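Below is one structure, written out as structure tokens; the observations come after it.
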Protein chains: 2
Amino acid sequence: MTSILELETPVVLVDLDKVEANLKNAQDAADKAGIKLRPHIKTHKLPRFAKRQVELGAVGITVQKLGEAEVMADAGLSDLLLTFNIIGAKKRARLKALHDRVTIRVVADSAETVAGLAETFVDAGKPLSVFVECDTGMGRCGVQSGQAALEMAKKIVAAPGLKFAGLMTYPAAGKYKEAQQWLADAKALFLGAGVSLPEITTGGTPDIWHMSEAGVATEYRPGTYIYMDRSQVVAGAATFEQCALTVLATVVSRPTEGRAIIDAGTKTLTSDLLGMQGHGYVVDFPDAKIVGLSEEHGTLDVSACAVKPKIGDVIRIIPNHCCPVSNLFDTVTLVRGDEVLETVPVAARGRVD
Amino acid sequence: MTSILELETPVVLVDLDKVEANLKNAQDAADKAGIKLRPHIKTHKLPRFAKRQVELGAVGITVQKLGEAEVMADAGLSDLLLTFNIIGAKKRARLKALHDRVTIRVVADSAETVAGLAETFVDAGKPLSVFVECDTGMGRCGVQSGQAALEMAKKIVAAPGLKFAGLMTYPAAGKYKEAQQWLADAKALFLGAGVSLPEITTGGTPDIWHMSEAGVATEYRPGTYIYMDRSQVVAGAATFEQCALTVLATVVSRPTEGRAIIDAGTKTLTSDLLGMQGHGYVVDFPDAKIVGLSEEHGTLDVSACAVKPKIGDVIRIIPNHCCPVSNLFDTVTLVRGDEVLETVPVAARGRVD
């Protein structure tokens, strides 16, 4: 058995037992709620976990970029939802190539996006399915009202090579009730107008345990739930014990009684704060605070620790936000507890376009 | 000629004319100040630029991790300063392998680091040169006083396989005067104790144009100056026109009159704020504010723009902090103005350990 203490740091550890438990918990909750699960792979970026999600009952996967879709399609995933407005002829050509070999659906929130897709996709015998993206409170992409969604849907219906798939939203964390109301009102409008609404897809790990209250939604797209992280613990969606992704770092300096420096900075943990104080949770020294990061150094205030970390100590950190941590590392190391199993490439890392 | 408008976005552009001008300006300033320049390659992570820095007069390069040193040594760079406490037998073995083939020097700020190095490096005929890292106000690594530096230096001198190289600091931005005073006081102590002090190395792009006031320092290690970024403009060290690294992004959504969404989020721009408001400077729409980022979306407030960006518009952004942007991309595209020259791998990207 190889112990994690034999690894060079910093390194990202992913505990397979915790992954499996997190995946099963969410699939069980979705099954009980009678809602389809379509996990977002942006968190793990690993074909093996995408396949496991599907094996456990997911109807397919969600991706955010064409590059991620290409990696997942190459690995054998066959049902993909790409939740991004695809703009430009080159990107549409890549989408077309994917559409020719797997089931892939996309979103649109503007006449420009729909017109572009309608120009590239012209085969009524094999139409591209398009969701209308709705801004239900997140303040990012999306049409602003049910009426605007209905008008956008009509544009999609009118294009011979496109097919209207339904409504898609990413709700603001903790505002799932507002999002559900928005979607319910929109559904009533569609019914009144006689426009069929095949699917309503929503998402978000912060509200994953409210899937049974998802109202009109037919599908749920959580991402972070596979690993969980400090932000999800703060949101009440997980415990620290359930966090499957940790960063292993080494104490490299103890310049003062109250300060410890580790070999993990923003190149490892990112500078994502997500509204929190500090840059992660130190599992082995819960009274330590990660008060600052530069690229390769993390600064810990250890003045509150009864026993303080020493130079050479190896510590595990639960990051604020696990998804961008996956994107910083070429590989992650799969473990069970303290046992190293395998180091694997993060296949869809850095697929930004 | 290929135009940048033919590239898929998001993509990182590096303007070679601006790089060359930035490198020459700094080398000229160092020459005038009579101080050696040892650029930090963490910003660009590209052997070609490291070589150019040396061609223009740099005495060698600075790296922050062994992995970066290995990439640069493989590419033919032969004089490296690794400004990090090297802890652990595996890392020391890698350092030894580097020491066997190139000139590499390191830092130490603790008895533990020195003892570890002394255990691995035992050949008095080919000693490892070690600087004492000093905390001159940054609050990161480093001994806390000149007296502590002297004691650490004596430990290095006492180890047969180590050689004392001098003092190293990374001063807090804008506090170069305090740092110089700290170093001057330390130098006086060393002189008084009869301990030779071969080099005093300091750094930082924010204060690069104060190199002539570097006092007792003999060497300067700037990193960001090759590309510059919004934080350096705010610090007064550069103009926006001098910024060589830009991110090219596409407007993918215009959900409201005042909001534009681009296809660049934290996976492109990082969430580094460095004390500023907003996530970058939009060259083409200077009145736009990048008010929010998620992983793949950037949210712009365009309400102050007289002419507003349209869906499909391609815009250039100067990021808050260019160094971690380099670390997110497998490749960068070299340009001159709007002309694409070549896309090259970021050779030392992701070398975290």
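Listing for the model above:
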item	result
Relative contact order [Cα under 8 Å, 6+ residues apart], segment B:297-353, whole percent	23
Added length on full extension, which subtracts the Cα-Cα distance from 0.36 nm per residue, residue B:331 to residue B:31	104.8 nm
³J(HN,Hα) computed for each position of segment A:67-77 - Karplus, 6.51 cos²θ - 1.76 cosθ + 1.60, integer Hz, glycine/proline x	x, 5, 4, 5, 4, 5, 5, 4, 7, x, 6
Other copies of residue A:28: label-to-label distances in nm, shortest first, labels 7 Å along the beta-carbon direction	7.0
DSSP beta bridge pairing in the protein assembly as shown, given as percent antiparallel to the nearest 5	50
Convex hull (Cα only) mean projected area of segment A:160-254, reported in nm² to one decimal	9.6
For segment A:34-227: relative contact order, % (alpha-carbon pairs under 8 angstrom, 6 or more apart)	21
Neighbourhood charge, 14 Å Cβ-Cβ cut-off, centred on residue A:119 and excluding it, Lys, Arg +1 and Asp, Glu -1	+3
Antiparallel content of DSSP bridges confined to segment A:165-301, in %, to 5	65
Segment B:191-258: GluC sites (Glu not before Pro) in DSSP loop, at most 16 other beta carbons within 10 Å	B:257
Considering only chain A, percent of DSSP beta bridges that pair antiparallel, nearest 5	50
Per-selection Rg to Rh, the protein assembly as shown - Cα, Kirkwood hydrodynamic radius	1.00
Total formal charge among the other residues, if their Cβ is under 15 angstrom from that of residue B:323, Lys/Arg +1 and Asp/Glu -1	+3
Dimensionless Rg ratio for segment A:197-353, taking C-alpha atoms and the 2.2 N^0.38 Å reference	1.16
Over 29 Å between alpha carbons, listed pairs A:289/B:91; B:36/B:154; A:91/A:187	A:91/A:187
Spin-label pair residue B:177/residue A:303, simplified geometry with 7 Å Cα→Cβ offset, distance in nm	2.8
Set of aspartates and glutamates with alpha-carbon distance to residue A:18 below 16 Å, sequence-local pairs under 8 removed	A:28, A:229, A:241, A:338, A:339, A:342
Cα-centred dipole magnitude for segment A:34-227, charges only on beta-carbon of K, R (+1) and D, E (-1), debye, nearest 20	500
Cα Rg over Rh - segment B:266-353, Kirkwood	0.99
Average projection area in nm² (convex hull over Cα atoms of segment A:1-148, one quarter of hull surface)	12.3
Amide H within-cut-off set for residue B:40, under 5 Å, with H built and near neighbours excluded	B:62, B:223
Qualifying trypsin sites (Lys or Arg not before Pro) in segment A:80-111, DSSP loop, other Cβ atoms within 10 Å at most 15	A:101
Dipole axis of segment B:34-226 (+1 Lys, Arg; -1 Asp, Glu on Cβ), positive-most option in B:208, B:184, B:56	B:56
Inverse of mean 1/r across different Cα pairs in segment A:34-227, Kirkwood, Å	16.6
Debye, to nearest 20: dipole size of the protein assembly as shown, +1 on Lys, Arg Cβ, -1 on Asp, Glu Cβ	380
For segment A:294-300, 3J(HN,Hα) per residue [Karplus equation, 6.51 cos²θ - 1.76 cosθ + 1.60, θ = phi - 60°, Hz, x = Gly/Pro]	10, 4, 10, 10, x, 9, 10
Debye intensity ratio I(q)/I(0), log10, chain A, q values 0.11, 0.12, 0.13, 0.15 Å⁻¹ (C-alpha model)	-0.76, -0.87, -0.99, -1.22
Value of relative contact order over chain B, rounded to a whole percent, pairs C-alpha under 8 Å and six or more apart	21
11 Å beta-carbon shell around residue B:176, net charge (K/R +1, D/E -1)	-1
Total charge dipole magnitude, chain A, about the Cα centre, Cβ charges on Lys, Arg, Asp, Glu only, Debye to nearest 20	860
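Read-outs: derived from the displayed coordinates by stated rules, not from any lab. All values reported here derive from a predicted model rather than from experimental measurement. Because the Cβ atoms are built from the backbone with ideal geometry, glycine has one as well, and the counts that use them run over all protein chains shown.
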